[in-house]
Amino acid sequence: MFEQGDVVGQDDLREKWQIQLRKGTLDLVILAALQDRPVYGLALLRQLQRFPTTAISEGTLYPLLDRLKRDGLVSADWVQEGDSRPRKYYQLTADGRLKLAALAQAWRQSVADIDALLAATTGAAPARHRKPT
Amino acid sequence: MISREPIQTYMRTLAARLGRLDPADADEVILEIESHLQDVLEQAEVRGEDLDIDALLQGFGSPEALAAQYVAHIQTGAPPPAGFRVIQRVRQTVTRGLYYSMAAFGYAIALGCLLLALAKVLQPSLVGAWSANDGNSVVVAWSGSPHPAAQEVVGYWLVPIALAAGLWCAELTRRVLRVLRRGLS
């Protein structure tokens with residue numbers, strides 16, 4: 001039987017885990033969110049905030065976009081639609097697409113590896129394990 | 001109506017802290033953050049919601065911390081190679097010398113031009129630009145007596161010309177010093 005302290009402790013643990021995970025996957029998450037179409041900052045922020053593990057703050061998003069732009073992974077253009085205020089739209093560059101493909105492959109590999117370990121630890125049949133390329 | 005005063009205060013502080021960025025880059029950061037904030041404000045007003053401005057700004061962190069993230073790459077950059085610190089110290093010393101020399105030289109010329117314009121107003125017969133060497137050269141001087149055997153070429157036009165030259169020189173010096181200042185840190 002769980003005590004209330006256990007539940008709080010688990011919530012705390014999950015929160016810390018999510019923070020660490022978010023830090024490690026930020027580039028992948030941003031690049032993935034931009035893969036289909038150009039997106040401006042506020043729309044991108046709201047898109048990411050729909051999921052607990054990708055929810056980041058404004059103060060994290062904008063400097064990160066600035067860094068990705070300096071690294072040549074995204075490009076940005078100011079677009080004005082009708083009478084609305086100009087917005088800065090970000091889109092992937094060719095280098096950004098290559099980086100996204102590499103990070104996505106690494107991510108899937110990590111998930112498969114961890115799944116295999118978890119399955120082996122719990123005594124279930126091991127998942128199919130691909131060798132890293 | 002939602003008060004925009006905290007946003008204006010935030011943006012002023014942010015702009016001041018982005019001073020180390022290239023001005024065009026800093027303007028773009030300001031424009032983007034302002035655009036974001038105004039979008040959120042307008043959407044809240046359209047929906048008739050009472051927006052918590054402080055909570056909105058909290059998402060960006062303090063203006064100092066936000067600016068620090070934008071300028072971090074200037075301060076850190078790539079890891080320095082071995083011996084780089086010595087090279088960097090020499091570079092900073094040279095830059096510092098150049099900075100103060102440039103400041104003294106540029107502002108002295110600017111001040112000289114401004115004084116020349118003032119002197120032309122106060123003592124028009126003793127200050128001027130004279131044609132000399134049979135028209136092969138021009139002498140700009142503030143002499144004890146009027147130039148005897150030469151013709152003054154610009155007359156009172158020397159005042160606006162000297163003023164414009166002085167201001168241009170001061171502005172040019174200010175811009176060069178701004179660039180050099182980045183190399184001092």
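The values are calculated or read from the model by the stated rules, or taken from the named source; none is laboratory data. Bear in mind that the values here come from a model prediction, so they are computed numbers and not experimental data. Please note: Cβ atoms are built from the backbone with ideal geometry, for glycine as well, and neighbour counts cover all protein chains shown.
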Based on this model, can you work out whether A:Gln80 counts as modelled with pLDDT under 95, out of contact with any Asp or Glu (no Cβ under 7 Å at 6 or more places or on another chain) and either among the charged types (D, E, K, R) or more than 17 Å from B:Ser35 (Cβ to Cβ) (or both)?
no
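State whether the residues of the stretch A:88-98 include one that is out of contact with any helix residue (DSSP H, G or I) (no Cβ under 7 Å at 6 or more places or on another chain), β-branched (Val, Ile, Thr) and loosely packed, with under 13 Cβ neighbours inside 10 Å.
Our first condition is that a residue be out of contact with any helix residue (DSSP H, G or I) (no Cβ under 7 Å at 6 or more places or on another chain); within the stretch A:88-98, this holds for A:89, A:91, A:93-95, A:97-98.
With β-branched (Val, Ile, Thr) added as a condition, the list becomes A:93.
Those still in the list that are loosely packed, with under 13 Cβ neighbours inside 10 Å too: none.
No, the stretch A:88-98 contains no residue that is out of contact with any helix residue (DSSP H, G or I) (no Cβ under 7 Å at 6 or more places or on another chain), β-branched (Val, Ile, Thr) and loosely packed, with under 13 Cβ neighbours inside 10 Å.
Quick check on B:Gly155: is it modelled with pLDDT under 75 and either within 30 Å of B:Arg96 (Cα to Cα) or not polar (S, T, N, Q) (or both)? Even if it seems obvious, please write down each step before you answer.
Details: modelled with pLDDT under 75: no; either within 30 Å of B:Arg96 (Cα to Cα) or not polar (S, T, N, Q) (or both): yes.
The answer is no for B:Gly155.
Kindly indicate whether A:Leu34 is hydrophobic (A, V, I, L, M, F, W, C), in contact with a strand residue (DSSP E or B) (Cβ under 6 Å, 6 or more places away or on another chain) and modelled with pLDDT of 95 or more.
Values: hydrophobic (A, V, I, L, M, F, W, C): yes; in contact with a strand residue (DSSP E or B) (Cβ under 6 Å, 6 or more places away or on another chain): yes; modelled with pLDDT of 95 or more: yes.
Spelling it out, A:Leu34 is indeed hydrophobic (A, V, I, L, M, F, W, C), in contact with a strand residue (DSSP E or B) (Cβ under 6 Å, 6 or more places away or on another chain) and modelled with pLDDT of 95 or more.
Hey, which of the helices (runs of 4 or more DSSP H) in the stretch A:1-120, taking only ones fully inside, have at least 2 residues that are within 14 Å of chain B (Cβ to nearest Cβ) and either farther than 30 Å from B:Ser62 by Cα or hydrophobic (A, V, I, L, M, F, W, C) (or both)?
Details: elements: A:4-33, A:41-48, A:58-70.
So the answer is A:41-48, A:58-70.
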Name every residue in the stretch B:44-78 that is at the interface with chain A (Cβ under 9 Å from one of its Cβ atoms) and not aliphatic (A, V, I, L, M), in order of residue number.
B:Gln58, B:Gly59, B:Phe60, B:Gly61, B:Ser62, B:Gln69, B:Tyr70, B:His73
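May I ask you to verify whether A:Gly96 is within 19 Å of A:Asp36 (Cα to Cα) and in contact with an Asp or Glu (Cβ under 6 Å, 6 or more places away or on another chain)? Spell out the reasoning first.
Working: within 19 Å of A:Asp36 (Cα to Cα): yes; in contact with an Asp or Glu (Cβ under 6 Å, 6 or more places away or on another chain): no.
So A:Gly96 fails the test.
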Can you confirm whether B:Val86 is more than 14 Å from chain A (Cβ to nearest Cβ), farther than 30 Å from B:Val40 by Cβ, touching a Gly at 6+ places or on another chain (Cβ under 8 Å) and modelled with pLDDT of 75 or more?
no
What about A:Asp66, is it closer than 26 Å to B:Gln38 by Cβ, among the charged types (D, E, K, R) and out of contact with any strand residue (DSSP E or B) (no Cβ under 7 Å at 6 or more places or on another chain)?
yes
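Step by step: first the residues of the stretch B:1-33, then only those that are touching a Lys or Arg at 6+ places or on another chain (Cβ under 8 Å) and free of Cβ contacts under 8 Å to residues at least 24 places away in the same chain, then the one that is surrounded by the fewest Cβ atoms within 10 Å (Cβ to Cβ). Which residue is that? First the steps, then the outcome.
First pass over the stretch B:1-33, keeping only residues touching a Lys or Arg at 6+ places or on another chain (Cβ under 8 Å): B:20, B:28, B:31-32.
With free of Cβ contacts under 8 Å to residues at least 24 places away in the same chain added as a condition, the list becomes B:28, B:31-32.
Details: B:Glu28: 18, B:Leu31: 15, B:Glu32: 21.
Going through the qualifying residues, I end up with B:Leu31.
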